[in-house]
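Since the structure comes first, as structure tokens, the remarks are kept for the end.
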């Protein structure tokens with residue numbers, strides 16, 4: 001495939017972004033290049049030297065943006081409104097079309113200071129970049145709609161951070177994402193009373209990501225957002241994933257998860273399990289993620305009130321609960337690997353499954369591994385008790401919807417990504433620049449993804 005550069009974002013006009021200059025890094029050591037993702041946009045043929053020129057020195061890609069753009073937005077952070085946001089350590093580097101014809105953004109993290117950096121240095125730790133690679137690879141393997149980490153380049157600077165041993169190494173990351181239009185992008189326009197810009201942004205989003213506007217463009221946009229938010233919340237639950245920072249500036253209107261900081265994979269179905277050490281009240285805990293996404297959608301609707309009557313926005317908002325329940329049922333059955341009946345039996349199975357996991361405290365990766373295809377495939381202690389009896393009875397009526405002939409399913413244990421393993425992967429990199437465990441983990445995750453495909 002040939003790279004097809006785009007610059008569609010320029011149609012929004014200069015009120016939406018600020019042209020910026022990338023940082024001039026002292027080094028550029030290529031640590032990760034995702035040729036699988038690059039192949040979908042025609043960049044897998046780049047040499048390593050060309051790769052570094054584009055994704056560390058930010059030489060423009062053909063047919064795309066001449067200069068990087070720091071996007072402007074506001075947002076709620078832990079439900080406190082903050083008008084002083086925007087791309088503070090990243091920018092939109094390029095846009096392009098993928099092999100499906102979709103408009104994609106190449107966005108950065110750690111690429112230097114912008115007008116929105118506030119007191120920040122605009123940098124990213126290498127450890128943070130490693131963690132984001134692992135998160136995106138794992139979520140992609142589990143079938144979750146996520147940004148993909150395209151590139152990580154170590155940049156040779158020493159960074160001071162209060163939440164990890166310092167000085168620590170620095171990196172610049174490039175992600176491939178289906179747009180970077182956040183709920184906070186709309187919130188900024190509402191806060192500033194920019195009705196014409198709100199209309200322009202809505203048209204851009206509907207045309208570029210959703211196939212065009214309906215009779216009521218704002219209600220159409222909100223309807224898509226509600227469906228995407230419900231689906232995203234359900235996907236996180238079925239993946240056992242806790243994003244950690246579900247602020248409105250971190251929620252993409254396309255429903256694609258991105259921007260991974262203090263994420264965790266939950267070891268069990270524990271609603272109180274949290275990812276961020278600073279989430280003292282569990283606002284974004286595992287069991288409250290659907291609530292968080294629904295609250296965020298209401299903030300998007302509040303922003304759209306600038307240009308749309310409330311009567312037009314109520315029906316999509318009222319549909320969130322049912323759409324989430326349906327999405328969670330579908331996601332759980334898909335993770336289980338069984339063919340749905342398409343009736344009330346599916347919801348009953350999903351409810352029995354969640355009740356069993358919550359009551360038993362079962363190891364989540366192990367459970368999904370053992371029950372793939374809807375049948376217990378190996379002798380294992382822990383599924384015989386009363387907590388699992390309703391689930392076992394319900395799942396017996398289902399047939400597998402997936403093949404189980406991949407060698408992965410004969411492994412002794414599932415591929416998982418507990419926080420302790422993330423730390424164990426980072427330790428040899430920090431101590432001896434040893435990337436073997438990291439490379440092996442990425443390969444292992446992709447092997448699991450191939451088995452689950």
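Considering 106, 159, 124, which residue is at pLDDT 95 or above and surrounded by 24 or more Cβ atoms within 10 Å (Cβ to Cβ)? First the steps, then the outcome.
Working: 159 fails: surrounded by 24 or more Cβ atoms within 10 Å (Cβ to Cβ); 124 fails: surrounded by 24 or more Cβ atoms within 10 Å (Cβ to Cβ).
None of the other options fit; the residue is 106.
If we scan the stretch 419-438, do we find a residue that is closer than 30 Å to residue 359 by Cα, in contact with a strand residue (DSSP E or B) (Cβ under 8 Å, 6 or more places away or on another chain), surrounded by 14 or more Cβ atoms within 10 Å (Cβ to Cβ) and at pLDDT 95 or above?
Within the stretch 419-438, one or more residues are closer than 30 Å to residue 359 by Cα, in contact with a strand residue (DSSP E or B) (Cβ under 8 Å, 6 or more places away or on another chain), surrounded by 14 or more Cβ atoms within 10 Å (Cβ to Cβ) and at pLDDT 95 or above.
Right, residue 89: within 28 Å of residue 251 (Cβ to Cβ), crowded, with 18+ Cβ neighbours inside 10 Å and free of Cβ contacts under 8 Å to residues at least 40 places away in the same chain or not? Break it down stepwise before answering.
On the way: within 28 Å of residue 251 (Cβ to Cβ): yes; crowded, with 18+ Cβ neighbours inside 10 Å: yes; free of Cβ contacts under 8 Å to residues at least 40 places away in the same chain: yes.
Against the criterion (within 28 Å of residue 251 (Cβ to Cβ), crowded, with 18+ Cβ neighbours inside 10 Å and free of Cβ contacts under 8 Å to residues at least 40 places away in the same chain), residue 89 qualifies.
Among the residues of the stretch 293-315 satisfying the criterion of being touching a helix residue (DSSP H, G or I) at 6+ places or on another chain (Cβ under 8 Å) and assigned to a loop (DSSP other than H, G, I, E, B), which is surrounded by the fewest Cβ atoms within 10 Å (Cβ to Cβ)?
Here the answer is 305.
Does the stretch 251-265 contain any residue that is under 24 Å from residue 13 (Cβ atoms), modelled with pLDDT of 95 or more and not in a loop (DSSP other than H, G, I, E, B)?
Yes: one or more hits.
What are the residues in the stretch 17-56 that are out of contact with any strand residue (DSSP E or B) (no Cβ under 8 Å at 6 or more places or on another chain), over 30 Å from residue 187 (Cα atoms) and surrounded by fewer than 14 Cβ atoms within 10 Å (Cβ to Cβ), if any?
Residues satisfying the conditions are 24, 35, 36, 45, 47, 49, 50.
Does at least one position in the stretch 8-16 carry a residue that is loosely packed, with under 13 Cβ neighbours inside 10 Å and in contact with a strand residue (DSSP E or B) (Cβ under 6 Å, 6 or more places away or on another chain)?
Of the stretch 8-16, the ones loosely packed, with under 13 Cβ neighbours inside 10 Å are 11, 13-14.
Restricting the remaining residues to those that are in contact with a strand residue (DSSP E or B) (Cβ under 6 Å, 6 or more places away or on another chain) gives none.
Within the stretch 8-16 (the criterion being loosely packed, with under 13 Cβ neighbours inside 10 Å and in contact with a strand residue (DSSP E or B) (Cβ under 6 Å, 6 or more places away or on another chain)), the answer is no, since none of the residues qualifies.
Out of (1) assigned to a loop (DSSP other than H, G, I, E, B); (2) crowded, with 22+ Cβ neighbours inside 10 Å, what's the single condition that is false for residue 271?
(2)
Could you check how many residues of the stretch 366-386 are modelled with pLDDT of 95 or more and surrounded by fewer than 18 Cβ atoms within 10 Å (Cβ to Cβ)? If you could, list the steps in order and put the result at the bottom.
First pass over the stretch 366-386, keeping only residues modelled with pLDDT of 95 or more: 366-374.
From what is left, the residues that are surrounded by fewer than 18 Cβ atoms within 10 Å (Cβ to Cβ) are 366.
Qualifying residue count, the stretch 366-386: 1.
Applying the selection to the stretch 327-346, what residues are part of a helix (DSSP H, G or I) and buried (at least 16 other Cβ atoms within 10 Å of the Cβ)?
327, 328, 329, 330, 331, 332, 333, 334, 335, 336, 346
Of the residues 30, 43, which single one is in the same structural domain as residue 110 (by TED's automatic domain parsing), out of contact with any helix residue (DSSP H, G or I) (no Cβ under 6 Å at 6 or more places or on another chain) and at pLDDT 95 or above? Reasoning before the result, please.
On the way: 30 fails: out of contact with any helix residue (DSSP H, G or I) (no Cβ under 6 Å at 6 or more places or on another chain).
Matching residue, one of 30, 43: 43.
Give the stretch 306-342 a look and list any residue that's over 23 Å from the mean Cα position of the chain (by Cα) and more than 30 Å from residue 214 (Cα to Cα), or say none.
Within the stretch 306-342, 338, 339, 340, 341 meet the criteria.
Criterion first (buried (at least 21 other Cβ atoms within 10 Å of the Cβ), at negative phi and at pLDDT below 95) does residue 243 satisfy it? Steps first, answer last, please.
Numbers: buried (at least 21 other Cβ atoms within 10 Å of the Cβ): yes; at negative phi: yes; at pLDDT below 95: no.
The answer is no for residue 243.
I'd like the full set of residues that are under 26 Å from residue 372 (Cβ atoms) and touching a strand residue (DSSP E or B) at 6+ places or on another chain (Cβ under 9 Å), limited to the stretch 135-176. Write out each step before concluding.
To start, the set of residues in the stretch 135-176 that are under 26 Å from residue 372 (Cβ atoms) comprises 135-146, 148.
Passing the criteria: 135, 136, 137, 138, 139, 140, 142, 144, 145, 146, 148.
Residue 213 - would you say it is over 30 Å from residue 430 (Cα atoms), surrounded by fewer than 24 Cβ atoms within 10 Å (Cβ to Cβ) and either modelled with pLDDT under 95 or assigned by TED's automatic domain parsing to the domain that holds residue 97 (or both)?
Details: over 30 Å from residue 430 (Cα atoms): yes; surrounded by fewer than 24 Cβ atoms within 10 Å (Cβ to Cβ): yes; either modelled with pLDDT under 95 or assigned by TED's automatic domain parsing to the domain that holds residue 97 (or both): yes.
Yes: the conditions hold for residue 213.
Table: residues versus (1) in contact (Cβ under 8 Å) with a residue 60 or more places away in the chain; (2) surrounded by fewer than 17 Cβ atoms within 10 Å (Cβ to Cβ); (3) over 24 Å from residue 80 (Cα atoms).
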site: 277; (1), (2), (3): yes, yes, no
site: 281; (1), (2), (3): no, yes, no
site: 291; (1), (2), (3): no, yes, no
site: 317; (1), (2), (3): yes, no, no
site: 325; (1), (2), (3): no, yes, yes
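Kindly establish whether residue 402 is out of contact with any strand residue (DSSP E or B) (no Cβ under 7 Å at 6 or more places or on another chain) and either part of a loop (DSSP other than H, G, I, E, B) or touching a residue at least 60 places away in the same chain (Cβ under 8 Å) (or both).
Values: out of contact with any strand residue (DSSP E or B) (no Cβ under 7 Å at 6 or more places or on another chain): yes; either part of a loop (DSSP other than H, G, I, E, B) or touching a residue at least 60 places away in the same chain (Cβ under 8 Å) (or both): yes.
Yes: the conditions hold for residue 402.
The values are calculated or read from the model by the stated rules, or taken from the named source; none is laboratory data. Quick caveat, the model's predicted, so the values are computed rather than measured. Because the Cβ atoms are built from the backbone with ideal geometry, glycine has one as well, and the counts that use them run over all protein chains shown.
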